[in-house]
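Below: one structure, written as C-alpha cells.
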Amino acid sequence: MAELLQFTFSGLTVGAVYALVALGFTLIYNASDVINFSQGEFVMLGGMVTVFLALGGVPLPLAALLAIATATLVGLALHRFAIETARGANAVTLIMITIGASIFLRGVAQVVFDKRYHSLPPLFGDDPIRFGGAAILPQSLVVFAGAVVILVLLWGFIDRTLFGKAVLATAANKLAARLVGIDTRRTVGFSFAVSAAIGAIAGFLITPITLTSYNIGTLLALKGFAAAMLGGIGSAFGAVIGGLLLGILEAFAAGYLSSQYKDAVAFIVILVVLLARPQGLFGRAKVERV
Amino acid sequence: MSVRPLNERPLAKDMPALGDRAGSAWRTILGPLERYRLTPVIIIAVLIALAPLLFPSAYYYRVAALVYIFALAAIGLNLLMGYAGQVSLGHAGFMGIGAYAVAIGPVHLGVPGWLSLLAGAAISAIVAFVVGRPILRLKGHYLAVATLGFGLLLAIVFTNEAEWTGGPDGMSVPRLVLFGWSVRGSQTWYWVSGVCLVLGAALAFNLIASPAGRAMRAIHDSETAASVLGIDVARTKLMIFVISAIYASVAGSCLALFNGHITPDAADFLTSIELVAMVVLGGMGSIVGSLVGASVLVVLPQVLTVLHDYEHMVLGLVIMGVMIYLRSGIVPSIAMAFRGWRR
C-alpha cells in the first residue's frame, strides 16, 4: 500500500510537468495548428536561466521571473520570425521549423550556459513529508500546486476576459475570428508567449527534483506530445489528464516492472489507447469533408 | 492538390519520326528509357560514377558513402510521406532492425552477412506488416505519435537486451564477405552503397509510375475520394509502409556493415527525426530531393565541426531557414523557380 502511494506521488509529480508541456502543445496547436516540437526547450530555458542567474548572485524569485521573461520573449520571437514568416506552409514543414528551432535553442544553451547538469535548492527544504508510509518531497507538492495555479489562472483568463474569448474564437475558426475584428496575429502570438511561460515555470519548479541541463528538452517534448495525443490533441482537459496518466504509468512501470522498460510500457499503453480511440481520450472525432 | 497528368513527357512512340531508320533507332534507345523511367536513374548513376574525380582523400569517399546510405532510407520514407502522405516518426526503428540483423546474425547465429541483410529486410517487412495494419488507421498527428512510440520501443529493446545487442555500447559487426570477397574500406563501400542507391532509386521511380503509385498519390490527395474510386486504401497504405520499411532496413544493414560497429543510436528518435528532415528538406514527393536532403544533413555536420560549439546553432538555423524560404523543400522549390524563369 505504502509502495502504491509512493509510486502514485512520484508519478503525479512528473506527470504534472508532462501535463504543463502538453498544455503548451495544446495552446499553440489550437491557436495555429502548429505542433511545436521546441516546447521542451522552454522548460530547459526556465531551469537553466534560473540556475545561471542564481549562480550570478540574482535572488531566486527574481531569477525565476527573469527566466519566465526570457522564455516568453523566445516564444514570441519563434512566432514572429519563424511561424509567421512561414505562414501558409504545410503542417510537416511547420513541424520541421519548430524542430530546427529546438536544435538552435539547444545549441545556444550549450554555448551560453554549459553541458553539465544543474540543480536548484528546493523551496521548502529536503525533509520528506511522511504520509501513509510514503515519503513525499515538499518540492513535489510545490510542483503540483504550481500546476494547479497555472491551470486555474489560465482557465480564468480564457473564460472570463474579452481577450481570452478572442483566443478561443481564434482556436475555433481563424477566418471567422478575423471577420468579427479579432487581431488573430496577436492572439496566436499570445498563445506562443503563454506556452513558453508555462514551460519555463514547469522548468524551474521541477529542477530541484530532476535536475536540468541543456539537452533535457527533446525528451520532454516527446513526452508532452505523447501526453497531448493521449488526451486528444486540442483538448486542454485532455492534455492535463494525458500528462498525469503518462507520469503515473511511467512510475508504476518503473516500480513494479522494470525501470529500463518504463518508457516502453508508457508507449504501449498509448498505442493501445489510440487503437481503441483513434482521436485520443477526450478528442472529438473529425469528419472528413471531400 | 491537383491531379497531374499521368504521363508528363511524351513517350518515344510519339516522338517526331526522323525518317524510318532513325525513328526506329530512337525507339530502341528511348523506349526502354521511358518505360522503366531510367533517365533520372542514369543521371544519378553518372553523377555517382564521376563524383570521385573531385575527391582528394579517402575521407570524402566515407562521407559520400554515408550520404548514399541515408539517401536510400530517405527515399523509402519519401515514398511513404511524400507520395502516400503518411508520416512516420519511427523509421529509424527499421534501420535498427536491419543494422542489428547483420550484427546478431553472424555473431550469435552463425548466419553469413549477406543472408542476415536479407533476413533483416524480411523481418522488417513482417514487423511493418503486423504493426502497420492497426497503426495506419490513425491519421495525421496521431499516426505520428504512434510511429514515434513504435520506434522508441525498438530503440529501448536494442538498448536493454544487452545479451544480444551489447547494450548502450553497441556491438561490432563482422565484415561482409561476398563470394569470398571481403567488402571493406571507404572506397569499396562508396561503390557498394552507390549501387544500392541507384537500384533503390530505380525501383522508387517505377513504383511511383505504376498503378499502385497512382493509388498512393490519390490517397495523399483524399482518402475518401480514393476509396470512392475503388482504391483499397488500407491495403495500399500497408504495402507502401512495408516497402519503406524494407528500404530503411537495407540502409541500416549497409550502415552497420560499413561502420563495422552498431549502437542503439542508429535506431533512436533523433535518427528518425533526421530521416524525416532529409525528406522534408530535400522536398516531399521528390526522389532526387531525398538525395539532396541526405547530402545536406550528412555533409553539413561534417563541415560544421570546424565551428565546434556553434555546430548545433548553425544546423538549427539552416533547417529553419530552408523550411521558411524554400517551404516545399530544396528540389521542388528550385524546380518551380526554374520553370517560372523559363516562362
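The values are calculated or read from the model by the stated rules, or taken from the named source; none is laboratory data. Values in this document were obtained by computation on a predicted structure and should not be read as measured data. No Cβ is skipped: glycine too gets one built from the backbone with ideal geometry, and neighbour counts run over all protein chains shown.
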(request) Collect the residues in the stretch B:227-241 that are under 16 Å from B:GLY140 (Cβ atoms) and without any contact (Cβ under 8 Å) to a residue 40 or more places away in the chain, keeping them in residue-number order. (result) B:VAL233
(request) Starting from the stretch B:114-143, keep only residues that are more than 9 Å from every other protein chain (Cβ to nearest Cβ) and buried (at least 18 other Cβ atoms within 10 Å of the Cβ), then list their pairs with residues that are among the hydroxyl-bearing types (Ser, Thr, Tyr) and in a helix (DSSP H, G or I) whose Cβ atoms are within a distance under 7 Å, requiring at least 6 positions of separation or different chains. (result) B:LEU117/B:SER253; B:GLY120/B:SER249; B:GLY120/B:SER253; B:ALA121/B:SER249; B:SER124/B:SER249
(request) Sort through B:PRO211, B:PRO168, B:PRO174 and tell me the only one that's of a type outside the set (D, E, K, R), surrounded by fewer than 18 Cβ atoms within 10 Å (Cβ to Cβ) and within 14 Å of another protein chain (Cβ to nearest Cβ). (result) B:PRO168
(request) Give the residue that is farthest from the chain's Cα centre (by Cα), with candidates limited to residues of the stretch B:64-79 that are β-branched (Val, Ile, Thr) and within 20 Å of B:MET284 (Cβ to Cβ). (result) B:VAL67
(request) Could you look through the stretch B:86-102, keep only residues that are not polar (S, T, N, Q) and not in a helix (DSSP H, G or I), and pick out the one that is farthest from the other protein chains (Cβ to nearest Cβ)? (result) B:HIS91
(request) Would you mention how many residues in the stretch B:269-297 are closer than 20 Å to B:GLY93 by Cβ, out of contact with any Gly (no Cβ under 8 Å at 6 or more places or on another chain) and either surrounded by fewer than 24 Cβ atoms within 10 Å (Cβ to Cβ) or β-branched (Val, Ile, Thr) (or both)? (result) 6
(request) Could you please find all residues in the stretch B:103-113 being part of a loop (DSSP other than H, G, I, E, B) and free of Cβ contacts under 8 Å to residues at least 60 places away in the same chain? (result) B:GLY110, B:VAL111
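For every residue, the table says whether it meets (1) at pLDDT 85 or above; (2) surrounded by fewer than 22 Cβ atoms within 10 Å (Cβ to Cβ).
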| residue | (1), (2) |
| --- | --- |
| A:LEU220 | yes, no |
| A:GLY231 | yes, no |
| A:GLY242 | yes, no |
| A:GLY255 | yes, yes |
| A:LYS262 | no, yes |
(request) Examine the stretch A:219-231 for a residue that is out of contact with any Gly (no Cβ under 9 Å at 6 or more places or on another chain) and more than 9 Å from chain B (Cβ to nearest Cβ), and state whether such a residue exists. (result) no
(request) Pick out, from the stretch B:260-343, the helices (runs of 4 or more DSSP H) lying fully within it that include 2 or more residues that are closer than 23 Å to B:TRP189 by Cα and more than 11 Å from chain A (Cβ to nearest Cβ). (result) B:269-282, B:287-304
(request) Only one of these is of a type in the set (Val, Ile, Thr) and within 23 Å of B:LEU304 (Cβ to Cβ): A:ILE129, A:ILE68, A:ILE103. Name it. (result) A:ILE103
